[in-house]
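The values are calculated or read from the model by the stated rules, or taken from the named source; none is laboratory data. Being a predicted model, the structure only gives us computed values, none of them experimental. FYI the Cβ positions are ideal-geometry reconstructions off the backbone, even for glycines, and counts take in every protein chain you see. Calculation scope for accessible area: heavy atoms of the full protein, side chains included, ligands and nucleic acids excluded. Shrake-Rupley method; radii C 1.70, N 1.55, O 1.52, S 1.80 Å.
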Amino acid sequence: MRTIEAADKERYVLIHQALDERAAEYGERIALIDESGPVTYSELVSTADSYAAALARAGVGPGSLVPVRIARSARMVTVLLAVLKTGAAYCPIDATWPDERVRELLRLLRAELFVTDTPLAAAPCWTPAAPWCCPTRTTCCRTPCATWWSATA
């Protein structure tokens, strides 16, 4: 395996750093589109920064592995970007997997936090706020704001 020399490191840019650069350069251009409509680079990076701050307050940081089970959408992309911004890594979990399989994976990963749309009993879950809500978007969000779900809830 080739090691990266100090001089080489300047050539490498992490994906979240590249998106920050794109947002600064092309802020109001469309970064991605989902069923809710287009999302600009500025919206994507701003929301990812908010999510990253919330994750960091929850203890997520370099060396953390964050399981993520969110339906494929702009919000999923934003959450994955937020995890990377904290210096952590993510482990995508298929939304169709049964809860028992997910619980076993969380146990094997020793996950301290599980990012999900659908809370799972006995797991420390975090549901990100629905981004791009009214009045700036054409459709309203109906999901709750960032919520901590406890095993006793």
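Determine the order of ARG57, ARG103 by accessible area, beginning with the largest, at a probe radius of 1.4 Å.
ARG57, ARG103
Measuring from label point to label point, each 7 Å out along Cα→Cβ, what is the CYS91 to ALA122 span in nm?
1.7
Can you check what the net charge comes to around ALA123, using other residues whose Cβ is under 11 Å from the Cβ of ALA123 (Lys, Arg +1; Asp, Glu -1)?
+1
Using a Förster distance of 22 Å, how high is the FRET efficiency between ALA71 and LEU108, based on the Cβ-Cβ distance and rounded to 0.05?
Plugging the Cβ-Cβ distance into 1/(1 + (r/R0)^6) gives 0.45.
Would you mind checking which residues have amide H under 5 Å from TYR90's amide H? H placed 1.01 Å from N; only 5 or more apart, or other chain.
Close amide H contacts, sequence-distant or interchain: VAL66.
Report the gain in length on full extension from TYR26 to ALA56: 0.36 nm times residue separation, minus Cα-Cα distance, nm rounded to one decimal.
8.1 nm
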